[in-house]
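These notes concern the structure reproduced below.
The values are calculated or read from the model by the stated rules, or taken from the named source; none is laboratory data. In this text, all values refer to a predicted model and were calculated from it rather than measured experimentally. Using ideal geometry, Cβ is built from the backbone for each residue, glycine included, and neighbour counts are taken over all protein chains shown. Remember, those area values only see protein heavy atoms, side chains included, never the ligands or the DNA or RNA. Shrake-Rupley method; radii C 1.70, N 1.55, O 1.52, S 1.80 Å.
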Amino acid sequence: MASRISVHSEGKLTDMKKLGKPLLSTWFVITLCLLAYGLYVGLRDSPPDAQQGNMIRAFYYHFPNWIGAGIFLPLNLLASIAYLALRSRNTLAAMKADALALATAEMGVLYCTLGMITGSLWGREEWGIWWTWDARLTTTLMLALIYIAYLMTRHLTSGPSRATICAVLAIFGFVDMPIVYMSTTWWRTQHPAPVFGGGDGSGVAPSMLRPTLWNVAAWVAWGILIVSIRYLAEFQSQLRQHQEAMHLMEGVPVKETSNA
């Protein structure tokens, strides 16, 4: 990605920063309201389960976290493929794809971590253990470790081939996602079947549907907020590094830029 980014593109970035701040502020308020209301309906509108009691309320955090992972990790895959397709043709678009890939990978790892933590809390209450090498749990841990390796590669290495290596690693890592989903079908596991598409008896009870949907909306909105912030920060960082490299190649002193 050695092509020079035009002044017009840099101006568009400045406009995007100016527009992004009020949009992010508005989305931040919306997200807080959704999280607060999701907590309210989860505590007030959902009765204790006949078998699990109040522990059923952990579902309103456990399930949305896996929905979030199911949204942002596929986005990481698409962004990684886009980067590989654009890296030698359109520098600016490739930077955007790479920045989005990093932001969605970070969010995917965070969702996986929260999902495993809430799942462990539920498992301790229902099974009497924090962890078991169940097929679903094991493949999920493998998924998280693959994307942690992706992030370690991003942050501990440098050079022009780093983004390419990470994009290939992301494509490889995504292969585990359908394995995680199908694990309860392919192997005998303690983990319940998927909520949707899990066969007979799957789905959400009518009394749980409203708090489930509100909390899914809230936690996905939270993910969109964090990914947007990280995407803008990473894209600006990559653009600044590219400009500095081009100035050095041309022997032009690098001007100090404002972060405002």
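Residues in the stretch 158-190 that are of a type in the set (Gly, Ala, Ser) and part of a helix (DSSP H, G or I): ALA163, ALA167, ALA170, GLY173, SER183. Taking the criterion of being basic (Lys, Arg) and part of a helix (DSSP H, G or I), the residues of the stretch 51-99 that qualify are ARG57, LYS96.
Please indicate, with yes or no, whether at least one residue in the stretch 100-113 is within 15 Å of ALA69 (Cα to Cα), free of Cβ contacts under 8 Å to residues at least 24 places away in the same chain and part of a helix (DSSP H, G or I). No, because not a single residue in the stretch 100-113 is within 15 Å of ALA69 (Cα to Cα), free of Cβ contacts under 8 Å to residues at least 24 places away in the same chain and part of a helix (DSSP H, G or I). Looking across the stretch 200-242, the residues that are closer than 21 Å to ILE56 by Cβ, free of Cβ contacts under 8 Å to residues at least 24 places away in the same chain, open to solvent by 60 Å² or more (accessible area, probe 1.4 Å) and more than 22 Å from the chain's Cα centre (by Cα) come down to ASP200, GLY201, PRO206, LEU209. Looking only at residues in the stretch 51-85 that are open to solvent by 40 Å² or more (accessible area, probe 1.4 Å) and within 18 Å of ARG154 (Cβ to Cβ), which one is nearest to the chain's Cα centre (by Cα)? Across the stretch 51-85, the extreme among qualifying residues is LEU75.
Restricting attention to the stretch 38-80, the residues that are over 30 Å from VAL180 (Cβ atoms) and either polar (S, T, N, Q) or at pLDDT 95 or above (or both) total 0.
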